[in-house]
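Chemist: Sharing a structure, written as C-alpha cells. Questions coming.
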Amino acid sequence: DSGVTQTPKHLITATGQRVTLRCSPRSGDLSVYWYQQSLDQGLQFLIQYYNGEERAKGNILERFSAQQFPDLHSELNLSSLELGDSALYFCASSVEGDTDYEQYFGPGTRLTVT
Amino acid sequence: GENVEQHPSTLSVQEGDSAVIKCTYSDSASNYFPWYKQELGKRPQLIIDIRSNVGEKKDQRIAVTLNKTAKHFSLHITETQPEDSAVYFCAASTGGGADGLTFGKGTHLIIQP
C-alpha cells in the first residue's frame, strides 16, 4: 500500500458524460500528479499540482481539467467523454525536499466509456 | 519534449538467470530516472531510481546503470524469481522527479520455471 488513495475504483459511463475522479495523496506530500494508462498510449503524464497550484502540464486534453484543494486532495474532471477515454487513471504523490522526489502511485480508477 | 524508448517489449528468462532491460532518452536535460514494476491490474510500484550525478545504483538483486553521454540507462535483475514476472517501465524527468514522468512503453518480463 503506497498511502495514496483513489476513488472510485471503477466507473462506467456513456459517451458525452462528465465524471470526476478523486485522489488523496500520502500524508505530508504536497505534489499530486495524474497519469492515464491505455493499451495504445501507454502511461502518459497529464498534469501536476503542487500545494494547490498547477505546476506542470503534459498531454492533457482540453476536455479534461484538474484541481487541488486546500486539504491537498485532488480531483480530475473528464467531460464530453469519448470511447477513447476509456483507460486506467492513476494519481501519484511526492514530497518535495532536497532529494525526495519519488512518485508513489495510487491504485487507479478504471474508466469505461460505453 | 522528452521521448523514452524501451527494449525489449517482451523478455523471457529462466528462473535464476539475469534479466536486462534497456532504455534511451532524448532530452539531455533529463536528470532523474526511475523504474516501476506493474503487476496485472495493480499500481506501478517504484523499485529503484537513479539521478544524473550517479552512474550506478544497486539494491539487493536489482541494479540500475546510467550512461549520460549515450543517454541510456538499464535495469539489471539477477537471480530472477517467479515473483519478478511483471511489466517493467522506465521513465525520465527533467525536474529531478519534481515534475511529470515520461515513460517507456514497458517490458513484459516472464520468468520461466
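What follows is calculated from the coordinates using simple rules that are stated; it is not laboratory data. Quick caveat, the model's predicted, so the values are computed rather than measured. Please note: Cβ atoms are built from the backbone with ideal geometry, for glycine as well, and neighbour counts cover all protein chains shown.
Chemist: Relative to the Cα centre, what is the charge dipole magnitude of chain A, using +1 at the beta carbon of each Lys and Arg, -1 at the beta carbon of each Asp and Glu, and rounding to the nearest 20 debye? Numbers along the way, then the final one.
Modeler: Working: 8 positive and 14 negative charges, 93 e Å.
Roughly 440 debye, rounded to the nearest 20.
Chemist: Can you flag which of A:K9/B:K42; B:K22/B:K105; B:K37/B:K105; B:K22/B:K42 are past 21 Å Cα-Cα? Before the final figure, lay out each step's value.
Modeler: Numbers: A:K9/B:K42 11 Å; B:K22/B:K105 11 Å; B:K37/B:K105 12 Å; B:K22/B:K42 23 Å.
Beyond 21 Å between Cα atoms: B:K22/B:K42.
Chemist: Which whole number gives the average count of other chain Cβ atoms within 10 Å of the Cβ atoms across peptide A:46-54?
Modeler: Values: counts 1, 1, 5, 0, 2, 0, 0, 0, 0.
Shielding by partners across A:46-54 averages 1.
Chemist: Residue farthest toward the positive end of the dipole of chain A, with Cβ of Lys/Arg at +1 and Asp/Glu at -1: which of A:S38, A:L83, A:G106?
Modeler: The one lying farthest along the dipole's positive direction is A:L83.
Chemist: Whole Å is fine, so just give me how far the alpha carbon centre of the range B:59-89 lies from that of the range B:1-54.
Modeler: 7
Chemist: For chain A, state the semi-axes of the equivalent ellipsoid (square roots of 5 times the eigenvalues of the alpha-carbon gyration tensor), sorted largest first and rounded to whole angstrom.
Modeler: They are 24, 13, 13 Å, listed from largest to smallest.
Chemist: Provide B:L40, B:L11 in ascending order of the number of other Cβ atoms located within 10 Å of each residue's Cβ, fewest first. Walk me through the numbers on the way to the answer.
Modeler: Numbers: B:L40 7, B:L11 17.
Listing B:L40, B:L11 from fewest to most nearby Cβ atoms yields B:L40, B:L11.
Chemist: Could you size up the charge dipole of chain B around its Cα centre, putting +1 on the beta carbon of Lys and Arg and -1 on that of Asp and Glu, and report it in debye to the nearest 20? The partial results should precede the final answer.
Modeler: Details: 11 positive and 13 negative charges, 43 e Å.
It comes to approximately 200 debye.
Chemist: I've got another one for you. If each residue of separation counts as 0.36 nm, what is the full-extension length gain between B:N67 and B:A29 once their alpha-carbon separation is subtracted?
Modeler: 12.3 nm
Chemist: Lys and Arg at +1, Asp and Glu at -1: add these up for the other residues within a Cβ distance under 13 Å of A:Q68 and post the number.
Modeler: The answer is -3.
Chemist: Hey, another quick one. Provide B:L66, A:L78, A:L88 in ascending order of the number of other Cβ atoms located within 10 Å of each residue's Cβ, fewest first. Numbers along the way, then the final one.
Modeler: Details: B:L66 21, A:L78 24, A:L88 17.
Ascending number of Cβ neighbours within 10 Å: A:L88, B:L66, A:L78.
Chemist: A further question on this structure: How big is the antiparallel share of DSSP beta bridges in the protein assembly as shown, given as a percent to the nearest 5?
Modeler: 90
Chemist: To the nearest 20 Debye, how big is the dipole of the protein assembly as shown about its Cα centre, given +1 on the beta carbon of each Lys and Arg and -1 on that of each Asp and Glu?
Modeler: Using Cβ point charges on Lys, Arg, Asp and Glu, the protein assembly as shown gives about 280 debye.
Chemist: Also, I was wondering about something else. Lys and Arg at +1, Asp and Glu at -1: add these up for the other residues within a Cβ distance under 12 Å of A:Q17 and post the number.
Modeler: Working: positive: A:R18, A:R63; negative: A:E82, A:D85.
It works out to a net charge of 0.
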